[in-house]
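The values are calculated or read from the model by the stated rules, or taken from the named source; none is laboratory data. No experiment lies behind these values; they were computed from the predicted model shown. A quick note on method: Cβ atoms are made from the backbone with ideal geometry, for glycine too, and the neighbour counts reach across all protein chains shown. We work out accessible area using only protein heavy atoms, side chains counted, and drop any ligands, DNA or RNA first. Shrake-Rupley method; radii C 1.70, N 1.55, O 1.52, S 1.80 Å.
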Amino acid sequence: MPYLALENIRKAYGPAVAVDRLDLGVEKGEFISLLGPSGCGKTTTLQMIAGFVEPTQGAIALDGIDLSRLAPEKRGLGIVFQSYALFPHMTVAANVAFGLEMRRVGKAEIRQRVEQALAMVGLADKGGRYPRQMSGGQQQRVALARALVIRPAILLLDEPLSNLDAKQREEMQLELRQIQRQSGTTTVLVTHDQQEALALSDRIVVMNQGRVEQIGSPFDVYERPGSAFVATFLGRTNTFSAEPTPRGLAVAGHVMMPGERPATISIRPEKVDFTTDGDGLPGRVLTRVFQGNHWLLHVETPGGLCLVIRPNDGRPLPGEGETVVLAFRARDASLSLAGSTP
Amino acid sequence: MNAQARQGWLLVAPATLLFVGIVATPLAMTLLLSFNGWSSTQGIVPTLTVQNYAEILSDSFFAEIFLRTLRIALWVTLICVLIGAPEAYILRRMREPWRSSFILVVIGPLLVSVVARTLGWALLLGGNGLIPLALHRLGLTSSPVSLMFTETGVVIALVHVLVPFMVLSVWASLARMDPATERAAQSLGASQITIFLRIVLPQAMPGILSGGIIVFSLAASAFATPAIIGGRRLKVASTLAYDEFLNTLNWPLGAAIAVLLLVGIVAIVVGWNRFIERRYSQVFAS
Ligand SMILES: Nc1ncnc2c1ncn2[C@@H]1O[C@H](COP(=O)(O)OP(=O)(O)OP(=O)(O)O)[C@@H](O)[C@H]1O
Ligand SMILES: [Mg+2]
């Protein structure tokens, strides 16, 4: 039995269903991300774990104990809100100490644990400040310290990094991962940023319209997307409809890979390569855009537009307007049979 | 002076003229009047004297009235805080459509004419009124005791009309509060009472304090309510000034009372404001 278990959870607001048939098990110490587009039910799921939203149906158990009858203040979970929700009228140290005071921890121990928590997030000398006097990244770390200092059974994070700029976010991602590893706290992160989910999680739960699309390691969900939605939501992907021929599956008459039945081929742009031996999909480069560490090419083919990403490693690339032949390895592609949703 | 600055002055000129005309000039004239002498035979004597102020400050009759005014205003402010702050919080937590209807109920007293409202209170507070009878029936008083012409009566009637100002002021500061802070406190193990006392109330404090300023100054300078409920027997500073003007016809003395009332209120409000700014400037950005 997993540490945190959500069984057949459903949440409906009147006729609108926010979450449906959600099954999820989180192991102790695991870092799991709920990833999906806006409105897919990520926050609702997190709020149900936290106890602020009551499921319409289904059970949530923590360490074998049913949570449904437990009020939020009794669950002992640490939550970092999107807005951080620091108490503006309290100093940073008082913010962090609040949860311990509620637990009637002794004064001396509180002081010591607050110091520890602030040191862990790198704010050891900022305890006397008020939240207003701190940057977004610092406030975020205070919120993290406040949630972790109570040694929560689970740490719940709702888009904690979305208010930071790109550079800060990357730094905080590393730090968050490090702090989570160090404290060993089971963590559920809500995000709509796939980069963040891929970088931080042990496993990713990809959600769409209230349903779970796929659960798996970051590598798995990226490399072996379980559905067309996952393939297009996580990273970019090219799709071609293919017909069977005696020599294999063909796109617009050009054999690309083995296969016997009509299917849709999905292939990541970075897995498509240019070939010179003539066997593959012919096309013409429409645009070539430099993106720093890689090049992005749009290639027009008889099977449709194909996106190609090539590393900026000094190898020569075709210019705009040149004709090329595209190829990929069969094991890099994923197939969905025609008739099922494309 | 460049064109833009000149244009700016031109634009504020009408409002400035209006202010000087209808606020500053009468105030200055009142101030001058308060330094004139008076005798029952000659009326106003155009001399320059501090005799009126000396009389007010030395006579315990006046001291008692000013103290009463202060006492009433403080009680009204305190009770308005005790009623208004929780009321604003409850209103904020209400769902629609209840919220809009109850907001209307809260600001209702402001929509009723002061005379009608106060006479209504006179009916409730009088010897045969509902409140004394109820107190008597509950065994709290041995016989129905009229609350008319008492400080208690004045305080009750003033609280009724001034509570909306407190509610609206607290409401405004609650609206600035991040509702997630309440959830954060709850997730950290705080009970509802703790959340109200330690998370909501401190964040509502700027609203309570500024609401306090409004309520205090309106209560201290209120005229109609103390005039009707307090009558001639229970004078406050504003009704005292009125009596000096219209009954005794001692305008200079009345002016001096009005000036002292104004100076007192301004001093208290400014001091209060200073305190708020010092206390909260680093916590809440303005
Ligand atoms: N209190 C509510 N009343 C009615 N509908 C709601 C309520 N809360 C959420 N919903 C609906 O439930 C769905 C899921 O909302 P939720 O907030 O969980 O999405 P989300 O995945 O967190 O999206 P985002 O990335 O934008 O935060 C949405 O369609 C939303 O409109
Ligand atoms: Mg959300």
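For the reader, a short list of remarks on this structure follows.
- As for the range A:79-88, it holds at least one residue that is within 16 Å of ligand 2 (Cβ to nearest atom), within 12 Å of chain B (Cβ to nearest Cβ), open to solvent by 10 Å² or more (accessible area, probe 1.4 Å) and among the small types (Gly, Ala, Ser).
- Restricting the range A:275-293 to residues that are within 31 Å of the chain's Cα centre (by Cα) and touching a residue at least 24 places away in the same chain (Cβ under 8 Å), the residue that is most open to solvent (accessible area, probe 1.4 Å): A:288
- Within the range A:12-38, being closer than 27 Å to residue A:185 by Cα and within 14 Å of ligand 2 (Cβ to nearest atom) holds for A:19, A:33, A:34, A:35, A:36, A:37, A:38.
- Residue A:180 in contact with a helix residue (DSSP H, G or I) (Cβ under 7 Å, 6 or more places away or on another chain) and either away from ligand 2 (no atom under 16 Å from the Cβ) or on the phi > 0 side of the Ramachandran plot (or both): no
- Applying the criterion of being in contact (Cβ under 8 Å) with a residue 12 or more places away in the chain and open to solvent by 60 Å² or more (accessible area, probe 1.4 Å) to the residues of the range A:121-130, the residue that is farthest from the other protein chains (Cβ to nearest Cβ) is A:128.
- Summed over the range A:302-323, residues that are closer than 20 Å to residue A:235 by Cβ and in a strand (DSSP E or B) total 8.
- Filtering the range B:239-250 to residues that are out of contact with any helix residue (DSSP H, G or I) (no Cβ under 6 Å at 6 or more places or on another chain), in a helix (DSSP H, G or I) and open to solvent by 20 Å² or more (accessible area, probe 1.4 Å) leaves B:242, B:246.
- The residue list B:279, B:233 contains one member that is basic (Lys, Arg), surrounded by fewer than 14 Cβ atoms within 10 Å (Cβ to Cβ) and assigned to a loop (DSSP other than H, G, I, E, B), which is B:233.
- Whenever a residue of the range B:254-275 is without any contact (Cβ under 8 Å) to a residue 24 or more places away in the chain and more than 16 Å from residue B:67 (Cα to Cα), its partners that are small (Gly, Ala, Ser) and crowded, with 21+ Cβ neighbours inside 10 Å, lying with C-beta atoms within less than 7 angstrom and at least six residues away or across chains, give the pairs B:254/B:241.
- In the range A:193-219, residue least open to solvent (accessible area, probe 1.4 Å) [restricted to those that are touching a Phe, Trp or Tyr at 6+ places or on another chain (Cβ under 6 Å) and among the polar types (S, T, N, Q)]: A:201
- Which numbered condition residue B:142 fails, given (1) in a helix (DSSP H, G or I); (2) over 14 Å from residue B:225 (Cβ atoms): (1)
- Cross-chain or 6+ apart pairs with Cβ under 7 Å, the range B:195-215 first and part of a helix (DSSP H, G or I), then small (Gly, Ala, Ser) and surrounded by fewer than 19 Cβ atoms within 10 Å (Cβ to Cβ): B:207/B:172
- Among the candidates A:191, A:232, A:186, the residue that is in contact with a Lys or Arg (Cβ under 6 Å, 6 or more places away or on another chain) and of a type in the set (S, T, N, Q) is uniquely A:186.
- Failed criterion for residue B:207 (all others in (1) surrounded by fewer than 19 Cβ atoms within 10 Å (Cβ to Cβ); (2) within 14 Å of another protein chain (Cβ to nearest Cβ); (3) more than 30 Å from residue A:104 (Cβ to Cβ) hold): (1)
- Members of the range A:144-169 that are within 16 Å of ligand 2 (Cβ to nearest atom), open to solvent by less than 10 Å² (accessible area, probe 1.4 Å) and closer than 14 Å to residue A:77 by Cβ: A:156, A:157
- In the set (1) within 12 Å of chain B (Cβ to nearest Cβ); (2) over 29 Å from the mean Cα position of the chain (by Cα); (3) modelled with pLDDT of 95 or more, residue A:133 fails one condition alone, (3).
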